[in-house]
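*Asks:* What follows is a structure written as structure tokens; I'll ask about it next.
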């Protein structure tokens, strides 16, 4: 499991959880080789908080949502989740008055054009990236009377360098769907039984779920893996879940 991050492109996702009757953040960072989950006792608003917090020099590719904390990984190459932005645009088109729907519609068209460009050649994709980046710059220069539109355009401008990484490198996902799927068990658990009574229990659950998910991704029977771990002569292995 400790080799799960040998791949340089982890995807991150987070959700709310309850520990000692207080709402905290539950975060997961999966790669193709494994998955690591954690319940965070802080609100995560500070820089470099969460699962990659100790790796201050992380210089791989981070596929994530638009949460501002992820931008503090200054040496990493970023890809923001296109699906999150598309859902935001669709919701705005539904909720905003007719006169204000032009901005989210334009943003949606830009994002969909980027997704369509994945089938093009490398040179064509490079041209598309330049064109779409210019369209975003022009959009940012326009006046946007509605507050929601101003926030959307401001967010796009802040994420400009992270919008089209997936077109420059086809090995990068356009969305953080892997992170979203990996965190689903934590979401289901929260809805079924509410959360953990202690931080020790939350930490233990995070380690066990990480081991189970990683074993499954690597084609190992997770139950057999945990049994062998519990029977191991090295007591340090058992303390992983203590």
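The values are calculated or read from the model by the stated rules, or taken from the named source; none is laboratory data. As the structure is a prediction and not an experimental result, all values here were calculated from the model. Glycine gets a Cβ as well: all are built from the backbone with ideal geometry, and neighbour counts include every protein chain shown.
*Asks:* Within 16 Å of the chain's Cα centre (by Cα), surrounded by fewer than 16 Cβ atoms within 10 Å (Cβ to Cβ) and in contact (Cβ under 8 Å) with a residue 24 or more places away in the chain: is that true of residue 172 in this structure?
*Replies:* Details: within 16 Å of the chain's Cα centre (by Cα): yes; surrounded by fewer than 16 Cβ atoms within 10 Å (Cβ to Cβ): no; in contact (Cβ under 8 Å) with a residue 24 or more places away in the chain: yes.
Taking the combined requirement at face value, the residue does not satisfy it.
*Asks:* State the number of residues belonging to segment 175-211 that are crowded, with 18+ Cβ neighbours inside 10 Å and within 20 Å of the chain's Cα centre (by Cα).
*Replies:* Residues of segment 175-211 crowded, with 18+ Cβ neighbours inside 10 Å: 175-176, 178-180, 182-183, 186, 195-196, 202, 205-206, 209-211.
If we keep only those that are within 20 Å of the chain's Cα centre (by Cα) too, we end up with 175-176, 178-180, 182-183, 186, 206, 209-211.
Within segment 175-211, residues that are crowded, with 18+ Cβ neighbours inside 10 Å and within 20 Å of the chain's Cα centre (by Cα) number 12.
*Asks:* Further question on the same structure: Taking segment 212-228 only, how many residues are more than 23 Å from residue 179 (Cβ to Cβ) and surrounded by fewer than 15 Cβ atoms within 10 Å (Cβ to Cβ)?
*Replies:* Number of matching residues: 5.
*Asks:* Test residue 163 against the stated conditions and say whether it is at pLDDT 95 or above and either more than 30 Å from residue 202 (Cα to Cα) or surrounded by 16 or more Cβ atoms within 10 Å (Cβ to Cβ) (or both). Before the answer, list the steps.
*Replies:* On the way: at pLDDT 95 or above: yes; either more than 30 Å from residue 202 (Cα to Cα) or surrounded by 16 or more Cβ atoms within 10 Å (Cβ to Cβ) (or both): yes.
For residue 163, the condition - at pLDDT 95 or above and either more than 30 Å from residue 202 (Cα to Cα) or surrounded by 16 or more Cβ atoms within 10 Å (Cβ to Cβ) (or both) - is met.
*Asks:* Could you list, in sequence order, the residues of segment 62-80 that are part of a loop (DSSP other than H, G, I, E, B) and either buried (at least 22 other Cβ atoms within 10 Å of the Cβ) or over 11 Å from the mean Cα position of the chain (by Cα) (or both)?
*Replies:* Quick first cut of segment 62-80, residues part of a loop (DSSP other than H, G, I, E, B) only: 65-67, 73-76.
Matches in segment 62-80: 73, 74, 75, 76.
*Asks:* In segment 113-133, is there at least one residue being over 23 Å from residue 78 (Cβ atoms) and in contact (Cβ under 8 Å) with a residue 40 or more places away in the chain?
*Replies:* Checked segment 113-133: no residue is over 23 Å from residue 78 (Cβ atoms) and in contact (Cβ under 8 Å) with a residue 40 or more places away in the chain.
*Asks:* Condition (residue is touching a strand residue (DSSP E or B) at 6+ places or on another chain (Cβ under 9 Å) and either buried (at least 16 other Cβ atoms within 10 Å of the Cβ) or within 16 Å of residue 162 (Cα to Cα) (or both)) applied to segment 81-99: is it met by at least one residue?
*Replies:* Looking only at segment 81-99, we keep the residues that are touching a strand residue (DSSP E or B) at 6+ places or on another chain (Cβ under 9 Å), and these are 81.
Subset that is either buried (at least 16 other Cβ atoms within 10 Å of the Cβ) or within 16 Å of residue 162 (Cα to Cα) (or both): 81.
So far as segment 81-99 goes, yes, one or more of its residues are touching a strand residue (DSSP E or B) at 6+ places or on another chain (Cβ under 9 Å) and either buried (at least 16 other Cβ atoms within 10 Å of the Cβ) or within 16 Å of residue 162 (Cα to Cα) (or both).
*Asks:* Criterion first (closer than 23 Å to residue 81 by Cβ and assigned by TED's automatic domain parsing to the domain that holds residue 101) does residue 190 satisfy it?
*Replies:* Against the criterion (closer than 23 Å to residue 81 by Cβ and assigned by TED's automatic domain parsing to the domain that holds residue 101), residue 190 does not qualify.
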